[in-house]
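First up is the structure itself, then whatever we jot down about it.
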Amino acid sequence: MDTRITNNSTIKWGLYENLRPCQIEAIINEKAIAYLPWGAIEYHGKHNPVGLDSIKAFHLCVDLAKEVGGLVFPTVNLAANLIKSYPGVNFPKHSIEFSEKLIRMVCEEYFEQLVLQDFKIIVLLSGHAGEPHLEILRTVAHEFNERYPDICFWAFAEFDVLPNDLLVANHSALGETSLQLYYNPDTVNLNSLPKDRPISLEVDAVSGKDPRGATKELGEKIVKSYLKNTSVILEELIRKYL
Ligand SMILES: [Zn+2]
């Protein structure tokens, strides 16, 4: 269990798998919020690690839990609709892909389990924006909100809470690469990107703005804005559901 002192209160948060029952209960009694980072093992070009979506989702959940309180679950490294099966490109290696059916099933069963553990707000952050993968998670959350009106299920991607000029859905482009540089700089190799030609989806596995301009500072700016916006949303949910 970890605590953090803010202006006027102590924020209790922790990594679920590291805690003993009494520590878990101490946090749930105060903030019954579960964070479920949902990632992917997916080819992200030569410049980024294959676990980028998972690393990103995990850290964004931890940072939010530090701000608001609650328990962060281990990252779910299961995703459908990866670049491996994207039409018009040929990247068969370094992606571990699962069926849409399995994604829906895991999400449903995970939500049911979290309900049984008395969580009142369940925050699912998807680091992978492939479709319909992301839409499946959103749909299951919607169905559970109808099924359990006293519990909030919020499934989203980080770009949902950010203005488009700061971050949009992208694959290993400026946004994701900057976030990776911020959270885990040693895993990024910008030198592996070409210097003499435009970046493309077909050759570089990049979808979105040119990652050659990626910086740790931009990553930090994205994270700060994300934290500001998600905290406001969560505080509102806390007033309503806790
Ligand atoms: Zn990604």
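Read-outs throughout are calculated quantities, based only on the coordinates presented, and are distinct from any laboratory measurement. Computed from a predicted structure; not experimentally measured. Cβ placement follows ideal geometry from the backbone for every residue including glycine, while neighbour counts extend to all protein chains displayed.
For the reader, a short list of remarks on this structure follows.
- Each principal axis of the Cα atoms in the range 111-239 has its own extent, and those three values, largest first, are 56, 28, 26 angstrom.
- Largest GNM mean-square fluctuation among 213, 130, 175, using the chain with Cα springs under 10 Å: 213.
- Put the Cα centre of the range 68-84 next to the Cα centre of the range 93-121 and the gap is 9 Å.
- For residue 75, the shell of other residues with beta-carbons less than 13 Å away shows a net charge of -1, using +1 for Lys and Arg and -1 for Asp and Glu.
- Each pair of Cα atoms in the range 4-72 enters the Kirkwood radius, and Stokes-Einstein at 20 °C and 1.002 mPa s then converts it into a translational diffusion coefficient of 163 µm²/s.
- The chain: most fluctuating residue of 46, 221, 93 per GNM, C-alpha cutoff 10 Å: 93
- Calculated mean residue ellipticity at 222 nm for the chain: -13000 deg cm²/dmol, from DSSP H runs with n ≥ 4 weighted as -39500 (n - 2.57), summed, divided by the residue count and rounded to 500.
- Projected onto planes of every orientation and averaged, the convex hull of the alpha-carbon atoms in the chain covers 13.2 nm².
- Once the Cα-Cα distance is subtracted from the 0.36 nm per residue extended length, the residue 108 to residue 220 segment shows a gain of 37.0 nm.
- At R0 = 45 Å, FRET efficiency that the Cβ-Cβ distance of residue 25 and residue 94 yields, to 0.05: 0.65
- Semi-axis lengths, largest first, of the ellipsoid equivalent to the range 1-135 are 31, 16, 11 Å, with √(5λ) applied to each eigenvalue of the Cα gyration tensor.
- Volume per residue of the convex hull around the Cα atoms, evaluated for the range 143-203, comes out as 149 Å³.
- Candidates 70, 230, 191 compared by Cα position along the dipole of the chain: farthest toward the positive end lies 191, with charges placed on Cβ.
- Choice from 212, 197, 104 with maximal GNM fluctuation in the chain (Cα, 10 Å cutoff): 197
- At R0 = 51 Å, FRET efficiency that the Cβ-Cβ distance of residue 235 and residue 212 yields, to 0.05: 0.85
- Equivalent ellipsoid, the range 45-95 (semi-axes from 5 times Cα gyration tensor eigenvalues, Å): 29, 11, 8
- Average projection area in nm² (convex hull over Cα atoms of the range 90-138, one quarter of hull surface): 4.2 nm²
- Relative intensity, log₁₀ I(q)/I(0), of the range 96-178 from a Debye sum that treats every alpha carbon as a point, q = 0.13, 0.14, 0.16 Å⁻¹: -0.47, -0.53, -0.67
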